[in-house]
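Single-structure report; data block below.
Read-outs throughout are calculated quantities, based only on the coordinates presented, and are distinct from any laboratory measurement. None of the values given here were measured: they were computed from a predicted structure. Note that we place each Cβ from the backbone using ideal geometry, even for glycine, and neighbour counts take in every protein chain shown.
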Amino acid sequence: MASTKSTVDHLRNIALFSECSSKELSLVVKSSTERVLKAGTVIMDQGQTGREAYVILEGSATVKRNGKKVATVKSGAVIGELSLLDQGPRTAAVIADTDVRLLVISERALKGAIDNIPAISRKLLKALATRVRELDRAHFG
């Protein structure tokens, strides 16, 4: 497992967390856990209720929707946060392509961070708006 400082340094380079102070990022890291999964492991499955979000710290994974590959995500990607925000089912499955090291952020930790760290809330909204725009362009031009 990486040190809190190295994980904080990693999060600082992710758009979602880039405006947060070291103290705020330390709180996120301390309320989260790290997990290492082998290549081929299902990180999350489409349709299941989400109980955590993941930050990919190392490695890469395939995102599949209805069995069809829609994206590859790698170090720096945040996945699974939508289900935590709306309590809806996971919109896609994510499978590790390589061994992956993940920061697992629980629903409680994510909601606490959103409530206590305004920068995360703003960045999350911006990231979601970017995704909506990308989907809009992909479907409607």
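Going through ASP45, ASP115, ASP99 one at a time, which residue ends up being touching a Lys or Arg at 6+ places or on another chain (Cβ under 9 Å), charged (D, E, K, R) and without any contact (Cβ under 8 Å) to a residue 60 or more places away in the chain?
ASP45
Which condition does SER26 not pass, out of (1) in contact (Cβ under 8 Å) with a residue 40 or more places away in the chain; (2) not in a loop (DSSP other than H, G, I, E, B), if it passes all the others?
Going through (1) in contact (Cβ under 8 Å) with a residue 40 or more places away in the chain; (2) not in a loop (DSSP other than H, G, I, E, B) one by one, SER26 breaks only (1).
Based on this model, can you work out whether VAL78 counts as over 22 Å from ASN13 (Cα atoms), in contact with a strand residue (DSSP E or B) (Cβ under 6 Å, 6 or more places away or on another chain) and β-branched (Val, Ile, Thr)?
Criteria not met by VAL78.
With the requirement that a residue be under 14 Å from the mean Cα position of the chain (by Cα) and more than 24 Å from LEU37 (Cβ to Cβ), what does the stretch 83-110 give you?
The answer is none; no residue qualifies.
Please count how many residues of the stretch 29-61 are hydroxyl-bearing (Ser, Thr, Tyr), in a strand (DSSP E or B), surrounded by 15 or more Cβ atoms within 10 Å (Cβ to Cβ) and touching a helix residue (DSSP H, G or I) at 6+ places or on another chain (Cβ under 8 Å).
0
Does LEU25 meet the test of being out of contact with any strand residue (DSSP E or B) (no Cβ under 7 Å at 6 or more places or on another chain) and among the aliphatic types (A, V, I, L, M)?
yes
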